Amino acid sequence: KHARNTYTFETAQESAQYLLDRVKIRPKIGIICGSGMGSIAESLVDKQCFPYEEIPHFPASTVKGHTGQMVFGYLQGVPVMCMQGRFHYYEGYPLWKCAMPVRVMKLVGVTHLIATNAAGGLNPTYQVGDIMIVKDHVNMMGFAGNNPLQGPNDDRFGPRFPPMNKAYNTVLMEIGRQVAQEMGIDDIVHKGVYTCLGGPNFETVAELKMLRMVGVDAVGMSTVHEVITARHCDLTVFAFSLITNLCVTEYEDHGEANHEEVMDVGKARQPLLQEFVSRIVIRLTDI
Ligand code: 6GU
């Protein structure tokens, strides 16, 4: 009588099985490539690509010409699976649909998730092109009563009331910090608090002032619901934001956030981000 507001365990299993039947590798690391960061997926060796529309039960894409595919392959010799393109709330999907590929990754055998995104920098010490390792998030959409875990809980994924105080793994954050040091980019790598708003519009000045007051360092339109879903099914999470623009928090400031800038900064930072992710992935093979 009621439309289901979540996928069943079995549908997620069917999606996972479709992939398992077609790939030989068994990645333990899943990577979600944020806006302008698809080249991480493109750089994989011995790639196998599965457009989302071909995978059973995946949400139907709303954006034409927008690559959306699951890519399997080796990153510096390490087997990984990447989401090249993700589902955003502003496209019209409910949060549980946006986050469902994370459960599919889990059922494929992934234990560690690396989630990346493009975000606006709200911390005044951040600059365009900086990297922010996410140490915590504020689930603004959750405050408004929207959460990817709403609806019947299937204990095979995880508990009804999952804790969220250790969402971002301390060991992985330390690895991120060490990798930044090794690469000599310590000065542009921060640790901060991320929040996700529904979008698609960028924020007003008053909204950004409010977010800054509650301790948010970077603002975006993704990741939080994926991380909640990942933690629910006990994936170990590392997330970082590429700061693609600085949030305008003064009425006198006439700059405006725009999508082109977000994509351009993403593109310009590709080599650096690829190296950052590769080095982290290599380090993950020994833990
Ligand atoms: Cl300023 N806001 C949001 N919500 N998402 C962004 C952004 C800003 N810049 C890049 N992505």
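The values are calculated or read from the model by the stated rules, or taken from the named source; none is laboratory data. Here the structure is a predicted model, which means the values were calculated and not measured. Neighbour counts are summed over all protein chains in view; Cβ atoms, including those assigned to glycine, are modelled from backbone coordinates with ideal geometry.
Observations on the model:
- Scan the stretch 20-50 for residues that are crowded, with 21+ Cβ neighbours inside 10 Å and hydrophobic (A, V, I, L, M, F, W, C) and the total you get is 8.
- Every pair of residues 6+ apart whose Cβ atoms lie under 7 Å, when the first sits in the stretch 254-268 and is small (Gly, Ala, Ser) while the second is within 9 Å of the ligand (Cβ to nearest atom) and at pLDDT below 85: Gly266/Ser35
- The residue of the stretch 256-281 that is surrounded by the fewest Cβ atoms within 10 Å (Cβ to Cβ), among those that are part of a helix (DSSP H, G or I) and in contact with a strand residue (DSSP E or B) (Cβ under 6 Å, 6 or more places away or on another chain), is Glu261.
- Gly198 fulfils the conditions (1) more than 20 Å from the chain's Cα centre (by Cα); (2) within 12 Å of the ligand (Cβ to nearest atom) except for a single criterion, (1).
- For the stretch 99-126, filtering for residues that are surrounded by fewer than 22 Cβ atoms within 10 Å (Cβ to Cβ), in a helix (DSSP H, G or I) and either within 14 Å of the ligand (Cβ to nearest atom) or within 12 Å of the chain's Cα centre (by Cα) (or both) leaves 0.
- Subset of the stretch 204-239 (residues that are assigned to a loop (DSSP other than H, G, I, E, B), within 14 Å of the ligand (Cβ to nearest atom), more than 16 Å from Gly142 (Cβ to Cβ) and under 20 Å from the mean Cα position of the chain (by Cα)): Asp217
- Met164 meets each of the listed conditions (1) aliphatic (A, V, I, L, M); (2) surrounded by fewer than 18 Cβ atoms within 10 Å (Cβ to Cβ); (3) within 26 Å of His259 (Cα to Cα) apart from (3).
- So Met37, is it part of a loop (DSSP other than H, G, I, E, B) and farther than 22 Å from Arg156 by Cα: yes
- Any hit, the stretch 169-191, residues being within 13 Å of the ligand (Cβ to nearest atom) and surrounded by 15 or more Cβ atoms within 10 Å (Cβ to Cβ): no
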